[in-house]
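As structure tokens, the structure follows; a few thoughts come after it.
The values are calculated or read from the model by the stated rules, or taken from the named source; none is laboratory data. As the structure is a prediction and not an experimental result, all values here were calculated from the model. FYI the Cβ positions are ideal-geometry reconstructions off the backbone, even for glycines, and counts take in every protein chain you see.
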Amino acid sequence: MGEVFAGRYELIDPIGRGGAGAVWRAWDHRRRRYVAAKVLLQSDAHTLLRFVREQALRIDHPHVLAPASWAADDDKVLFTMDLVAGGSLAHVIGDYGALPPRFVCALLDQLLSGLATVHAEGVVHRDIKPANILMEVTGTGRPHLRLSDFGISMRKGEPRLTETNYVVGTPGYFAPEQLMGAEPDFTADLFAVGLVALYLLQGRRPDSQVLVEHFVAHGTPGAPEGIPEPLWQVLAGLLQPDPQARFRTATGARKALSAAVEMLPEPLPGEQPIEIRDQLGPLPAGFGPLGPTGPAAPEAPADRTFSSDAVPSPPAAPPVSPPAPGTGPVPTQQQPAQPQAQPYQQPRPHPGFQPQPVPVASETGSFHLPPPVPHPAPSLDQAPTSAAPYGQAPTHPYTARPDQVPGLQAAPAAPAPVRRPGPPPKVTVPVLLLALVCLAVGFWALTQT
């Protein structure tokens, strides 16, 4: 069994490595599925800030592979993504070399579609290259790519993390303006897309510096050998050295590509199909298609771990009250010795077996838990009984009279106020004042005579 991270993610085997972290195939014990987990290898402030930026991306698009959740365990952090097993475009070129134009157009259309969504969120990727474009396992069917690795991406307007006179990215895929120190922009991503397309069509990495020098000295060159002219016109619009002459948006480039595809020649009858195979290899011992096959890993202490979409585990079933005298035994639902870990160890059942329902993760990463069956507290003056059906719980425990509760006596009623005879005070006071005034006037009149 592998190391369990934050009590949830079981790291199985490494499948990739980058400048700041290693990517592992992992088993998510909560969602019961395999994921790709990127574990941060460095812990300096600069790397942590990039990690925070990357894991904060939540872009939902079929051709974008963005982080789904993250977790921390002591001084280690990771975030997870969907597990994509078909390798990258670099694997495809390594297997087949130059790819057919129509196949490249299908890939290019998907890449531009995902990039349009990324740009709509105000994010510049800054590291588009074949190794960061992953492939789903589709066999000889229609390919399906996912744009990944947003480690150095940034939103327009955010402060840059690189020092002055430094540029981040992969050499050979920089736009000319990036080498001049310009602020990251969407058009720089489109230039990299053009270089990736050339790489796929020619089967080798293009020399971006020579290409830019040729554009500057001689203008747009003719179509290279093996690239149809309509498709080359689209690529030339992506590869213009001047960003003002380049396609301004991924959507605009995608529309031009769609028009070019209609003018491409039909594929040759004996053209070799491109097959996207599983590049990850078999699972190690102790793991099967449904997850770990050995004992469950223990939960990590809750005081030193944290998960971004942590949800309290479903509570264990409360104890069932003993049956009342004279009644039969109350049927109880069988519970395993460890109710929180046992469901994750179930192998795939045979076709006739009906499995217990498992909470399904919602779109927000929380669980839709089934409504609990109520187990009302027994009345104080009755013997305990079994739980009533949902919605029909007895109400007498909540309406007991005070004389039914031992040791609790009803408080004596307060005596009603006694009303005295005579006018109310609001009438008496003005009358008394008026009488005093009259008396004073009478004394004054007697003294005058």
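Scanning the stretch 115-148 for residues being over 15 Å from residue 174 (Cα atoms) and in a loop (DSSP other than H, G, I, E, B) gives a total of 11. The test for being under 21 Å from residue 256 (Cα atoms) and among the hydrophobic types (A, V, I, L, M, F, W, C) holds for residue 111.
Just to be sure before I move on: is residue 65 buried (at least 22 other Cβ atoms within 10 Å of the Cβ), hydrophobic (A, V, I, L, M, F, W, C), closer than 17 Å to residue 122 by Cα and at pLDDT 70 or above in the structure I sent?
Values: buried (at least 22 other Cβ atoms within 10 Å of the Cβ): yes; hydrophobic (A, V, I, L, M, F, W, C): yes; closer than 17 Å to residue 122 by Cα: yes; at pLDDT 70 or above: yes.
Here the answer is yes, as residue 65 does meet what is asked.
Could you tell me how many of the residues in the stretch 176-208 are part of a helix (DSSP H, G or I) and either surrounded by 18 or more Cβ atoms within 10 Å (Cβ to Cβ) or at pLDDT 90 or above (or both)? Count: 21. Listed conditions (1) assigned by TED's automatic domain parsing to the domain that holds residue 143; (2) of a type in the set (Phe, Trp, Tyr); (3) buried (at least 20 other Cβ atoms within 10 Å of the Cβ) are all met by residue 24, apart from (1).
So which residues in the stretch 257-274 are surrounded by 14 or more Cβ atoms within 10 Å (Cβ to Cβ) and assigned to a loop (DSSP other than H, G, I, E, B), if there are any at all? Even if it seems obvious, please write down each step before you answer.
Step one: list which residues in the stretch 257-274 are surrounded by 14 or more Cβ atoms within 10 Å (Cβ to Cβ), which gives 257, 260-261, 264, 274.
Answer for the stretch 257-274, where residues must be surrounded by 14 or more Cβ atoms within 10 Å (Cβ to Cβ) and assigned to a loop (DSSP other than H, G, I, E, B): 264, 274.
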